[in-house]
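Everything below concerns the one structure shown next.
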Amino acid sequence: MLPTLAEIEAAARIVYGVMPPTPQYCWPLLCERLGTEVWVKHENHTPLGAFKIRGGLAYFDGLTRDRSIKGVISATRGNHGQSVGFAARRHGIPAKIVVPFGNSVEKNAAMRAQGVELIEHGEEFQTAREYAEKQARELSLHMVPSFHPSLVAGVATYSLEFLRAVPELDIVYVPVGMGSGLCGMVAAR
């Protein structure tokens, strides 16, 4: 299920408790180059430089209502792990992140900077995810999924900001990894 407008607006209140809306600009040289009006939503202005922080904030707001959570674990290749680390730190919850061997050195450093315990396992994301799920069971940790309705509601806040600021868009391009950004845009639209 896609989040409703009310759910996106509730997630926005959580997000705005941590950061302001990000700007969107119409860049003249880009417009000239492409021969049309082009707007860019600058999610690089978030504390993590990516829209994923929004989903982590919304997810952890709901998660922390369960007082039995002693720690979390997740698998990622980067921005999701930073989001989990950022939100977990804000709530005082220890976080472990599993990445495949050979993952981006910069992404790994950014996740460690958020206070996560970084674990390298496997040669690909799927293997890292399966290991994280196994560790969640064995260590009684909460497994933070890569895709969840609360994550979608959180990331949908950037889409809602964008569509309210520039309501007459004909086409929107959205980055796609696991799909939270795309689903968030569809829900906000």
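The values are calculated or read from the model by the stated rules, or taken from the named source; none is laboratory data. All of these numbers come straight from a predicted model, not from anything done at the bench. Heads up, the Cβs are rebuilt from the backbone with ideal geometry, glycines too, and the neighbour counts pull from every protein chain shown. Heads up: the accessible areas ignore ligands, DNA and RNA and are worked out on the full protein's heavy atoms, side chains in. Shrake-Rupley method; radii C 1.70, N 1.55, O 1.52, S 1.80 Å.
The listed residues are ALA132, ALA165, ALA156, and the only one of them that is within 19 Å of ILE73 (Cβ to Cβ) and either touching a Lys or Arg at 6+ places or on another chain (Cβ under 9 Å) or among the polar types (S, T, N, Q) (or both) turns out to be ALA132. Taken over region 73-96, the criterion of being part of a strand (DSSP E or B) and either free of Cβ contacts under 8 Å to residues at least 40 places away in the same chain or among the aliphatic types (A, V, I, L, M) (or both) is satisfied by ILE73, ALA75, ALA95. Against the test of being buried (at least 17 other Cβ atoms within 10 Å of the Cβ), more than 20 Å from the chain's Cα centre (by Cα) and either over 25 Å from GLY102 (Cβ atoms) or touching a residue at least 40 places away in the same chain (Cβ under 8 Å) (or both), the options ALA136, ALA132 yield a single qualifying residue, ALA136. Taking region 139-152 as the range and being among the hydrophobic types (A, V, I, L, M, F, W, C) and either open to solvent by 40 Å² or more (accessible area, probe 1.4 Å) or without any contact (Cβ under 8 Å) to a residue 60 or more places away in the chain (or both) as the test, the residues that pass are LEU139, MET143, PHE147. Out of PRO47, PRO21, one residue alone is open to solvent by 60 Å² or more (accessible area, probe 1.4 Å) and within 14 Å of the chain's Cα centre (by Cα). It is PRO47.
Could you figure out which of (1) out of contact with any His (no Cβ under 7 Å at 6 or more places or on another chain); (2) surrounded by 15 or more Cβ atoms within 10 Å (Cβ to Cβ); (3) of a type in the set (Lys, Arg) isn't true of LYS70? (2) is the only condition that LYS70 fails.
Out of the residues in region 60-72 that are small (Gly, Ala, Ser) and assigned to a loop (DSSP other than H, G, I, E, B), which is nearest to GLY154 (Cα to Cα)? My answer is GLY71. Of all residues in region 24-44, those satisfying the criterion of being surrounded by 11 or more Cβ atoms within 10 Å (Cβ to Cβ) and farther than 18 Å from ALA153 by Cβ are GLN24, TYR25, CYS26, TRP27, LEU30, CYS31, GLU37, VAL38, TRP39, VAL40, HIS42, ASN44. Each residue in region 1-22 was checked for being without any contact (Cβ under 8 Å) to a residue 60 or more places away in the chain and small (Gly, Ala, Ser), and 2 pass. Tell me whether region 97-112 contains one or more residues that are surrounded by 24 or more Cβ atoms within 10 Å (Cβ to Cβ), among the small types (Gly, Ala, Ser) and not in a strand (DSSP E or B). Among the residues of region 97-112, not one is surrounded by 24 or more Cβ atoms within 10 Å (Cβ to Cβ), among the small types (Gly, Ala, Ser) and not in a strand (DSSP E or B), which makes the answer no. The set of residues in region 161-178 that are assigned to a loop (DSSP other than H, G, I, E, B) and either open to solvent by 20 Å² or more (accessible area, probe 1.4 Å) or in contact with a helix residue (DSSP H, G or I) (Cβ under 8 Å, 6 or more places away or on another chain) (or both) comprises PRO167, GLU168, LEU169, ASP170, ILE171, VAL172, TYR173, VAL174, PRO175, VAL176, GLY177, MET178.
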